[in-house]
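S.K.: Pasting a structure below so you can have a look.
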Amino acid sequence: MDIKVIAFDADDTLWVNEPYFRQSEEAFCTLLEEYLPRHELERELLKVEIGNLGLYGYGIKGFVLSMIETAMAVTNNMISAKTIGDIIELGKQMLNQPLELLDGVEEVLRALKGRYRLVVATKGDLLDQERKLKKSNIANYFHHVEVMSEKDDANYLKLIKHLDIRPSELLMVGNSLKSDILPVLNVGGYAIHVPYHITWAHEEIEHSIDSGMFKSVECIRDILGFV
């Protein structure tokens, strides 16, 4: 490998994220338990979330709007103002969560800084991701931060062009096979998968990946064995 740039996903690669969504989803289901069983509410919420991605994108704000829309649908628009307020409060609690770096992250960044250009390549709400990066106290390790509306082939190619490198000079590190790995392999880059113990259903894939430009490791420290 002739890697010049190592890009890191943010949520559930650098810091904790998905557990907060799961906690809020559980609280949401409790608020509406008199209308539908939990598994049906979870299914309805996921359907609404996915349907809204093109309008709201990824992140907490879109998630809150999707919870409100789901609540309106399952209550036949009989949801109380108080319950809507409770859902909004769930979103504010998520936005105000303390930032928790995952184990080994700063150690790895410290080892790589100076040897490669390090960048953050993530998706989500711009304001929220900027806030989390500031809270993380690791912004100084990164040459560039890219917040994408969607992690697809076209946006990775834009990032590669912006960084003025060839695709084969990019290594992407992330927890999502769908968003962090497959698009990078598609455009000719290298990718290392660092699994996280919780994955949003929309980010799951049903097939395995067979590529000489792909590795899967158990924890983020393990990437140091490949670079």
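S.K.: Can you give me the number of residues within segment 142-155 that are of a type in the set (D, E) and not in a loop (DSSP other than H, G, I, E, B)?
M.R.: 2
Listed here are the residues, each with its yes/no results for (1) surrounded by 14 or more Cβ atoms within 10 Å (Cβ to Cβ); (2) out of contact with any Asp or Glu (no Cβ under 6 Å at 6 or more places or on another chain).
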position	(1), (2)
G51	no, yes
G59	yes, no
M78	no, yes
A81	no, yes
G85	no, yes
M94	yes, yes
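S.K.: Right, next: Any residue at all in segment 10-33 that's touching a Cys at 6+ places or on another chain (Cβ under 7 Å), in the same structural domain as M67 (by TED's automatic domain parsing) and in a helix (DSSP H, G or I)?
M.R.: Within segment 10-33, none of the residues are touching a Cys at 6+ places or on another chain (Cβ under 7 Å), in the same structural domain as M67 (by TED's automatic domain parsing) and in a helix (DSSP H, G or I).
S.K.: Something else: Quick one: which helices (runs of 4 or more DSSP H) sit completely within segment 36-112 and have at least 3 residues that are out of contact with any helix residue (DSSP H, G or I) (no Cβ under 8 Å at 6 or more places or on another chain)?
M.R.: Of the helices (runs of 4 or more DSSP H) lying wholly inside segment 36-112, those with at least 3 residues that are out of contact with any helix residue (DSSP H, G or I) (no Cβ under 8 Å at 6 or more places or on another chain) span 38-56, 81-95.
S.K.: Modelled with pLDDT of 95 or more and either closer than 30 Å to V64 by Cβ or under 17 Å from the mean Cα position of the chain (by Cα) (or both), is that true of D153?
M.R.: The answer is yes for D153.
S.K.: A follow-up question, please. Out of all the residues in segment 117-141, which are crowded, with 19+ Cβ neighbours inside 10 Å and assigned to a loop (DSSP other than H, G, I, E, B)?
M.R.: G124, D125, I138
S.K.: Among the residues of segment 104-129, how many are of a type in the set (D, E) and farther than 30 Å from F63 by Cα?
M.R.: Of the residues in segment 104-129, 1 are of a type in the set (D, E) and farther than 30 Å from F63 by Cα.
S.K.: From K82, K47, K92, grab the single residue that is free of Cβ contacts under 8 Å to residues at least 60 places away in the same chain and within 21 Å of K135 (Cα to Cα).
M.R.: K92
S.K.: Can you say whether K61 is of a type in the set (K, R) and more than 21 Å from M148 (Cα to Cα), as far as the supplied structure shows?
M.R.: no
S.K.: Suppose we filter segment 156-165 for residues that are without any contact (Cβ under 8 Å) to a residue 12 or more places away in the chain and closer than 24 Å to G225 by Cβ; how many remain?
M.R.: 0
The values are calculated or read from the model by the stated rules, or taken from the named source; none is laboratory data. Bear in mind that the values here come from a model prediction, so they are computed numbers and not experimental data. Counting neighbours? That spans all protein chains shown, and the Cβs are built from the backbone with ideal geometry, glycine included.
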